[in-house]
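Some notes on the structure that comes next.
The values are calculated or read from the model by the stated rules, or taken from the named source; none is laboratory data. Just so you know, these numbers come straight off a predicted model, no measurement behind them. Note that each Cβ is placed from the backbone with ideal geometry, even for glycine, and that neighbours are counted across all protein chains shown. The accessibility values were calculated without ligands, DNA or RNA, using every heavy atom of the protein model including side chains. Shrake-Rupley method; radii C 1.70, N 1.55, O 1.52, S 1.80 Å.
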Amino acid sequence: MRTFASSAYWLYMAILFELCDLELTLGGHPILDGVSHSFLDDRKYALIGRNGTGKTTLCRIIEKETEPDSGSVRRDPSLRIGYLQQGNDIEGDENCIEYLMRSGKAEEWRCGEIAASFGFDTAKQAMPASSLSGGWRTLLKLAGLVVLEPNFLILDEPTNFLDLRTQIILEKFVRNWAGGAMVISHDRAFLKRTCAHTLELSLGKLHSYPGTVEDYLDHREERIEHARRVNATNVSKMKQLQQFIDKNRAGANTASQARSKQKQLDRIKLMEVEMENYSRRIRLPSPSPLRKTVYECNNLAIGYGEKVIAKNINFSVEPGDRVAIVG
């Protein structure tokens, strides 16, 4: 195991923190099973895995919010993590600047400067943070991370609730980020455009690949297919050996051969094959065909109370149309 004794070593390796043989079991299920990995200060990692595999739990261990059953996280003294996590951390009626001052422990002018860089004009900076939409809250949290001046970002599902404009801002922010980062997301396109290294947490193991998510998934399919072919060959060989053993173990002249074959059989191990065991079949009923306009809107106006959000809305939906509403 590498140590952190030499500052020259850190300068050369640029390792900010290292997971060392982490073990964690929850509800009788192994979440982390000997997880080890080193994180460099200039790499952006995509962390993928099915829901419930422990991605957020791993982040909370890195942030010292959760303790593993065993193992440790070794951190360089210079490590400053900015953690964008799911959930709401807004307090009371604080406005956006007050939120940044509290979370980032910075002066008002500095918080205003950073908020403006994320598109918060003077009026929006003074708004109650609790009144922001999901997308603006994500931008406010990102601004709070920048106030902290971290050198490594952990972004847990950052694209949730984002409209296209805000997602483009977030994508540009991550690509231009000079430090290291780990991004958890199910948005494969976003990960492909922002992260050049891939980590997958599966069955308690952390798999690392020096490439994009798309490249990793192709590599994983090849690995799974190879394991299946090897297993098929070994299963066939095991059957042949077992048949020979069963036929010859009782013979006076062949018992020693049977024992030798038993040793060969005992040495054969099947490779573990990763299974996508979450597939579901959804059966949809066949609807009756429609031959007329499904519905039509003429001069529609929408809003809240006395406030009109949009007006003069005119459109129709015809049978077979598939309409996306964006904004």
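In table form, for the structure just shown:
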item	result
Extreme residue, farthest from the chain's Cα centre (by Cα), among residues of the stretch 155-188 that are part of a loop (DSSP other than H, G, I, E, B) and of a type in the set (Asp, Glu)	ASP163
Those residues of the stretch 244-254 which are more than 22 Å from THR233 (Cα to Cα) and surrounded by 12 or more Cβ atoms within 10 Å (Cβ to Cβ), in sequence order	ASN248, ARG249, THR254
Total residues in the stretch 103-154, condition part of a strand (DSSP E or B) and either touching a residue at least 40 places away in the same chain (Cβ under 8 Å) or hydrophobic (A, V, I, L, M, F, W, C) (or both)	3
Odd one out for ARG223, checked against (1) in contact with a strand residue (DSSP E or B) (Cβ under 6 Å, 6 or more places away or on another chain); (2) surrounded by 13 or more Cβ atoms within 10 Å (Cβ to Cβ)	(1)
Any hit, the stretch 295-312, residues being open to solvent by less than 100 Å² (accessible area, probe 1.4 Å), polar (S, T, N, Q) and free of Cβ contacts under 8 Å to residues at least 40 places away in the same chain	no
Identity of the residue in the stretch 150-166, at pLDDT below 90 and among the charged types (D, E, K, R), that ends up surrounded by the most Cβ atoms within 10 Å (Cβ to Cβ)	ASP163
Hits in the stretch 50-71 (condition: in a loop (DSSP other than H, G, I, E, B), touching a strand residue (DSSP E or B) at 6+ places or on another chain (Cβ under 7 Å) and either within 19 Å of GLY28 (Cβ to Cβ) or β-branched (Val, Ile, Thr) (or both))	THR53, GLY54, PRO68, ASP69
Residue that is open to solvent by 20 Å² or more (accessible area, probe 1.4 Å), among the basic types (Lys, Arg) and more than 27 Å from ASP42 (Cα to Cα), where the choices are ARG110, ARG75, ARG102	ARG102
Check on PRO285, open to solvent by 60 Å² or more (accessible area, probe 1.4 Å) and either at pLDDT below 85 or touching a strand residue (DSSP E or B) at 6+ places or on another chain (Cβ under 9 Å) (or both)	no
The stretch 78-87 - residue that is of a type outside the set (A, V, I, L, M, F, W, C), touching a residue at least 24 places away in the same chain (Cβ under 8 Å) and assigned to a loop (DSSP other than H, G, I, E, B) and, of those, farthest from ASP41 (Cα to Cα)	GLN86
Checklist (1) out of contact with any helix residue (DSSP H, G or I) (no Cβ under 7 Å at 6 or more places or on another chain); (2) charged (D, E, K, R); (3) surrounded by 11 or more Cβ atoms within 10 Å (Cβ to Cβ); (4) in a helix (DSSP H, G or I) applied to LYS263, failing item	(3)
Unmet criterion (only one of (1) open to solvent by 40 Å² or more (accessible area, probe 1.4 Å); (2) touching a residue at least 40 places away in the same chain (Cβ under 8 Å); (3) not acidic (Asp, Glu)) for ARG60	(2)
Residues (among the hydrophobic types (A, V, I, L, M, F, W, C) and more than 10 Å from the chain's Cα centre (by Cα)) located in the stretch 189-214	ALA189, PHE190, CYS195, ALA196, LEU203, LEU206, VAL213
The one condition in (1) farther than 24 Å from GLY180 by Cα; (2) open to solvent by less than 60 Å² (accessible area, probe 1.4 Å); (3) of a type outside the set (Phe, Trp, Tyr) that ALA126 fails to fulfil	(2)
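Every residue, every condition in (1) without any contact (Cβ under 8 Å) to a residue 40 or more places away in the chain; (2) in a helix (DSSP H, G or I); (3) of a type outside the set (S, T, N, Q), yes or no:
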{"position": "LEU199", "(1), (2), (3)": "no, no, yes"}
{"position": "LEU217", "(1), (2), (3)": "yes, yes, yes"}
{"position": "ILE224", "(1), (2), (3)": "no, yes, yes"}
{"position": "ALA227", "(1), (2), (3)": "no, yes, yes"}
{"position": "VAL230", "(1), (2), (3)": "no, yes, yes"}
{"position": "LYS239", "(1), (2), (3)": "yes, yes, yes"}
{"position": "ASP246", "(1), (2), (3)": "yes, yes, yes"}
{"position": "ALA250", "(1), (2), (3)": "yes, no, yes"}
{"position": "LYS269", "(1), (2), (3)": "yes, no, yes"}
